[in-house]
1. Kindly indicate whether LEU143 is open to solvent by less than 30 Å² (accessible area, probe 1.4 Å) and touching a strand residue (DSSP E or B) at 6+ places or on another chain (Cβ under 6 Å).
2. Quick check, is GLU266 at pLDDT below 85 and charged (D, E, K, R)?
3. So, in the stretch 336-360, how many residues would count as being more than 14 Å from LEU294 (Cα to Cα) and open to solvent by less than 30 Å² (accessible area, probe 1.4 Å)?
4. Would you say THR355 is under 19 Å from TYR269 (Cβ atoms) and hydroxyl-bearing (Ser, Thr, Tyr)?
5. Residue pairs, Cβ under 7 Å, 6 or more apart or interchain, first in the stretch 439-466 and under 19 Å from PRO422 (Cβ atoms) and of a type in the set (Val, Ile, Thr), second surrounded by 15 or more Cβ atoms within 10 Å (Cβ to Cβ) and modelled with pLDDT of 65 or more. List them.
6. Among the residues of the stretch 260-310, what is the count of those that are assigned to a loop (DSSP other than H, G, I, E, B), more than 18 Å from MET339 (Cα to Cα) and either of a type in the set (D, E, K, R) or out of contact with any helix residue (DSSP H, G or I) (no Cβ under 8 Å at 6 or more places or on another chain) (or both)?
7. Take the residues in the stretch 54-70 that are out of contact with any Phe, Trp or Tyr (no Cβ under 6 Å at 6 or more places or on another chain) and in contact (Cβ under 8 Å) with a residue 40 or more places away in the chain; name whichever of them is farthest from VAL140 (Cα to Cα).
8. In the stretch 99-127, how many are more than 39 Å from the chain's Cα centre (by Cα) and in contact (Cβ under 8 Å) with a residue 24 or more places away in the chain?
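The values are calculated or read from the model by the stated rules, or taken from the named source; none is laboratory data. Remember, it's a predicted structure, so these values are computed and weren't measured experimentally. Please note: Cβ atoms are built from the backbone with ideal geometry, for glycine as well, and neighbour counts cover all protein chains shown. Quick note on the areas: whole protein, heavy atoms, side chains included, nothing else; ligands and nucleic acids left out. Shrake-Rupley method; radii C 1.70, N 1.55, O 1.52, S 1.80 Å.
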Amino acid sequence: MRTLMLNLGGAGATNSLGRRIAIAILLFSSVVTLVATLFQLILDYRREVGDIETQMEQIQSSYQESLSSSLWVTSIRDLELQLNGILRLPDMQYAEVRNDQGVLVAKAGHTINTQVIRHEFPLDFKHRQNQVHIGSVLLVASLDGVYHRLRNKVVVILITQTIKTFLVSLFILMLFQYMVGRHLKKIALFSDRLFAGRTTEKLVLDRKNNAKVAGDELEQVANALNAMQQRLDEFVEELQESEFRWKFALEGAGDGVWDLNLVTNEVVYSRRWMEMLGYTEGELPGTLDTYTMLAHPDDAACAFAQLEDNLSGKTDFFSIEQRMLCKDGGWKWVMSRGMVVDRNVQGMALRMIGTHTDISEQLKAAEDMRALLAENEQARAELRLANDSMEKQVQERTAQLETANKELEAFSYSVSHDLRSPLRGIDGWSLALQEDYGPQLDATGQGYLERVRSESQRMGQLIDDMLQFSRLGRSALNMRETDLSDLAHTIASRIQEAHPQRHLEFVISPGLHAWGDRRLLEAVLTNLFENAAKFSNMKEVAQIVFGRLQIKEPESQNEVMAFYVQDNGAGFDMRYAHKLFGVFQRLHKSSEFSGTGIGLATVQRIVFRHGGMIWADSTPGEGATFYFTLKEHQ
């Protein structure tokens, strides 16, 4: 292909326009082919995957009832026969049946690779007019067949499209070379001779004279070059004169232009130069005296000194900021630049060209900037003073807060001591009354006496819980990596030792870690585990589960990783869930379940201090699940 293109392009074909067009067509066609192929592959892939998913749904509708019947009677042989029948279908790789406990009952096939599609559906059996969930089926289909079919299709598409693209590009290259390329070469050769000034002949293209080619783009280019050759000779002399005069003006950044003839002292001031000072064109005489008359006396001496240095050849150009008198009597700042552009053989200056640029707005902006900087510095000084004052206020408020915390601590201790003394008296005298005069009381009196002692002891526990709750907000957090699984096992063992007569089953996920205060996180798990054990005391086997999962947080509806504690106890009505974490709030009677109503409030406060959230989900009679999150360690 490369050799053929070089032959078609002729000499210098490596830079041929036709070759570049052909390559561009090849590349564009290749890209279009690849994009179209990719799009087709995506559609085919989705269709193939959809067929597999549809097949799995058909398997579910066809086999679900028979698999349920076989699993209900635990006929493993029938299950395996049906699973092997499923694997005979296209792309099916593996199938398994598990019971409602998640135990594998039967399977067929093997999961060989990771490029698979999974489909799981439940198995239910109607027993005594009730639908009973007895297990589930997992189907795994391999995508190897899909990929193989797609690869074969890609090969066919690429081969056919490559051949088609090559032939189209070759035809376009040959057509371009015949109709355009050879004429462009002749036009380029004529342009080179025209630029070098070595041609006097007109440009004539080697084409047949007919109506189809007359007036086309190539003919227009040839006519334009011939007209250019004619006009070029006419303009050369004029351009040589004007080019040098305006070269400096066009390259300069000034607005007004002046041109000084040092032999006659005549000056050509541009219209913009006069308008800058408020004059109209022709209103000022074209002499050097005009500049001397309008220049500010304080600036003129310096300007003429720089002018003399430039005239004598000491400097290549001059530049000075000066004031010029406007027609309205005001002064305008301008940047005056100039240079000698012509000297005689003796080195004497013959001609100067220069510009005037209005810089009044720039100088005003610079002055405004200096004033703004001064105001900014003053504002920064005031801000530093305000910061110093604010820092002093913060220190004072911090000292006041520390004093208030100390006073609150002293008050809490005083309240605890003053309340405990009467409670100890009530409990002690009640015990003395029970021991000394118990036989003289009937059953009702004995019950009243027991209630007095029980309530006094509960009041003491309530005071301890209140003190612990009040200290949570004042103690500093000792944050570190904490093994929650290990902590949960310790707490579970402690609860089982406290209730040896109960059948408590703890299921604790391994490897659960969190960043937080170990002492406070232990209080969280202790309260949640003890609540779970307490509210499941009516169950013959109390099951308490601790783990972590991804779930939507109810308030923000964001997906979060949350820890959870689940039990199979009494549960509660979700209509009263907003009362769960309030101090002294109880959703059950104290005669049913003991407690002070502070435990969950303590848990919520600890979780909040760790930057997390806590919520619960429950159904009466079916247990409850408490979820909580903790801020990740940065």
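1. Numbers: open to solvent by less than 30 Å² (accessible area, probe 1.4 Å): yes; touching a strand residue (DSSP E or B) at 6+ places or on another chain (Cβ under 6 Å): no.
For LEU143, the condition - open to solvent by less than 30 Å² (accessible area, probe 1.4 Å) and touching a strand residue (DSSP E or B) at 6+ places or on another chain (Cβ under 6 Å) - is not met.
2. Numbers: at pLDDT below 85: no; charged (D, E, K, R): yes.
The answer is no for GLU266.
3. Taking the stretch 336-360 and keeping what is more than 14 Å from LEU294 (Cα to Cα), we get 337-355, 357-360.
Applying the additional criterion that residues be open to solvent by less than 30 Å² (accessible area, probe 1.4 Å) yields 338, 340-341, 349, 352-355, 357, 359.
The total comes to 10.
4. On the way: under 19 Å from TYR269 (Cβ atoms): yes; hydroxyl-bearing (Ser, Thr, Tyr): yes.
Taking the combined requirement at face value, the residue satisfies it.
5. VAL452/ILE426; VAL452/SER430
6. Start the filter on the stretch 260-310 by keeping residues that are assigned to a loop (DSSP other than H, G, I, E, B), which leaves 262-265, 270, 277-286, 296.
When the remaining residues are screened for being more than 18 Å from MET339 (Cα to Cα), the result is 277-286, 296.
Subset that is either of a type in the set (D, E, K, R) or out of contact with any helix residue (DSSP H, G or I) (no Cβ under 8 Å at 6 or more places or on another chain) (or both): 278-279, 281-283, 285-286, 296.
Selection size over the stretch 260-310: 8.
7. Residues of the stretch 54-70 that are out of contact with any Phe, Trp or Tyr (no Cβ under 6 Å at 6 or more places or on another chain), as a first pass: 54-59, 61-67, 69-70.
Restricting the remaining residues to those that are in contact (Cβ under 8 Å) with a residue 40 or more places away in the chain gives 55-57, 59, 63-64, 67, 69.
Values: GLN55: 11, MET56: 9, GLU57: 12, ILE59: 12, TYR63: 15, GLN64: 16, LEU67: 17, SER69: 22 Å.
Across the stretch 54-70, the extreme among qualifying residues is SER69.
8. 11
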